[in-house]
Amino acid sequence: VVAARENRGWPGWRTFLLIVAAMFCARTCAMAFNRIVDRKFDALNPRTSGRHLPAGKISLFGAWMLWALGAVGLIAASWFLGDAQRGHICFYLSPLALAVVCFYSLTKRFTDYTHVFLGVALALAPIGAWLAVKGEFGFVPTALPAGGDAEQIVRAWLAQMSTGLSPIVLALAVVFWLIGFDLIYALQDYDFDRQHGLHSLVVVCFYSLTKRFTDYTHVFLGVALALAPIGAWLAVRGEFGFVPQEAAGAAEEVARIVEGLKSAGHKAVLALNKVDSMPRDALLGVAEALHAEGVYTDVFMISALTGDGVPDLTKLLAARAPEGPWLYPEDQAADVPLRVLASEVTREKVMLRLHDEIPYEMTVETDAWQEKADGSVRIEQTVYVAREGHRKIAIGDKGQTIKIIGTLAREELQTFLERPVHLFLHVKLKENWSEERARYAAMGLEWEG
């Protein structure tokens, strides 16, 4: 849910089902390998002698085939979880995941901490699911607000760190839960393990100390589960939010707008956004106070994130819009040149990909637009950033990041322009790009520098 917060907490049915398939295949592969390598011990243990392999219900070849199917299924699901935006990190890590989940079955032969290895193996599940949705951890603060004060830097650092720490905290919770559970489970094989030289903390510590270890692991489990929602909140909000930020400045701005409407004798429609992040009682109080000013004909409480209230607002605005002739051709979506629209499409993809790393100190400029004889268009663009560190982040390792951004931008431009697009992107450093008058003039804006 936290990993998919940009999509309202839902990664989509395709991603969800592929994650479930990957988990199922990994579990099948691990269990088959466990039964294969432990088949001789299972045959000697009265508790496990009825299992399929020692009882002859399936052949050793059949067990290996089940293991192979599980391994292939995991690798295949990992591949299909990747795309141009997230890359194929799950696919590249899938052999390592297979090695870890299978290696656990061998640990009881040489270490007393076999329970820890089991916990680590199952703890790959929340980490894998996170990578399947996000394509990265994102907990290394690669870029902090330039020129910001200490509070801004701390808040940005918390947001970036907590984003990637959420799966780590959940993984730790799984580790502690599995250690405690497996210690209790292993008690029933205490005598058999001692007689056959198998390792575990139960064999070393006996019943009393095992019970104490189990209590400790469950305490740590509780701590990890308590930290998980805190990390999730910080990842989504970037702050605890106990104290309203910039409340005084916002109140002054609202008062100025109200006074301006009163002086001009105009009425307006009030839309209160972000209602999903504000207590209902406080929200109603704000709405009533503003409506009492007498300058608002209607009050709408909306959430741009969830879409709540937006249809009602757009319906009212459409009904009140005066009828008139088309000011632009019916198929023209905006009153800005296509070169500017193309720049905005690419800029959007940059921010969606790098919103945790690069502040909004970045712009995109279309350098060349060439119509080709075959009906396609060649577009050359430059991504300008204000810091050298941001340039390296935007390019990525061996150019992978800018390549992914280019692919996403090209796909949207082809849909928008309804023709093939050849897009070429460059990333350049220009510290004072935001102070160039020509950039604002190209967008029809006046620059007051």
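The values are calculated or read from the model by the stated rules, or taken from the named source; none is laboratory data. All figures in this text were calculated on a predicted structure; none of them were measured in a lab. Heads up, the Cβs are rebuilt from the backbone with ideal geometry, glycines too, and the neighbour counts pull from every protein chain shown. Side chains included, ligands, DNA and RNA excluded: accessible areas come from the protein's heavy atoms. Shrake-Rupley method; radii C 1.70, N 1.55, O 1.52, S 1.80 Å.
Taking Cα atoms of region 65-130, Rg/Rh with Kirkwood Rh, to two decimals? Show your work: numbers first, answer last.
Numbers: Rg = 13.5 Å, Rh = 12.9 Å.
Rounded to two decimals, Rg over Rh is 1.04.
Hey, can you find the accessible area per residue of region 30-102 for me, probe 1.4 Å, expressed in square angstrom?
The answer is 54 Å² per residue.
For HIS426, which sequence-distant residues (separation of 5 or more, or a different chain) have an amide H within less than 5 Å of its own amide H, given hydrogens modelled in the peptide plane?
GLN381, THR382, VAL383
Each residue of region 342-355 in order: what ³J(HN,Hα) in whole Hz does its phi give by Karplus 6.51 cos²θ - 1.76 cosθ + 1.60, θ = phi - 60°, with x for Gly and Pro?
3J(HN,Hα) across region 342-355, in whole Hz: 4, 4, 5, 4, 5, 4, 4, 5, 4, 5, 5, 7, 10, 5.
Pull up the cross-link candidates among the lysines for LYS134, meaning alpha carbon to alpha carbon under 22 Å and not fewer than 8 places away within one chain.
LYS349, LYS392, LYS398, LYS403
Around ASN273, which amide H atoms from residues at least 5 apart in sequence, or from another chain, sit under 5 Å from its own amide H, with H modelled in the peptide plane?
ILE302
What is the calculated FRET efficiency for VAL254 to LYS392, with r their C-beta to C-beta distance and R₀ = 60 Å, to the nearest 0.05?
On the way: r = 41 Å, r/R0 = 0.69.
Once the sixth-power term is evaluated, E becomes 0.90.
Straight-line reach only, C-alpha to C-alpha below 24 angstrom: list the lysines that LYS108 could link to, leaving out same-chain residues fewer than 8 apart.
Cα-Cα hits under 24 Å: LYS40, LYS211.
Within straight cross-link reach of LYS262, meaning Cα distance under 27 Å, which lysines are found once same-chain residues fewer than 8 apart are removed?
In chain and number order, the partners are LYS274, LYS315.
Compute the projected area of the convex hull of the Cα atoms of region 262-378, averaged over all viewing directions, and report it in nm² to one decimal place. Provide the component values of the computation, followed by the final result.
Working: hull surface 50.0 nm².
So the Cα hull casts an average projection of 12.5 nm².
Can you give the accessible area of SER277, probe radius 1.4 Å, in Å² rounded to 10?
Here the residue's solvent-accessible area equals roughly 60 Å².
Rounded to the nearest 10 Å², what accessible area does LYS108 show when all protein chains are kept and the probe is 1.4 Å?
Ignoring ligands and nucleic acids, LYS108 comes out at about 50 Å².
Which whole-number percent of Cα pairs in region 359-436 have a distance greater than 17 Å?
Beyond 17 Å sits 50 percent of the P(r) for region 359-436.
With 5 Å bins from zero, work out the P(r) of region 1-115 over every alpha carbon pair and list the percent per bin.
P(r) for region 1-115, in whole percents per bin: 2, 11, 16, 18, 16, 12, 9, 7, 5, 2, 0.
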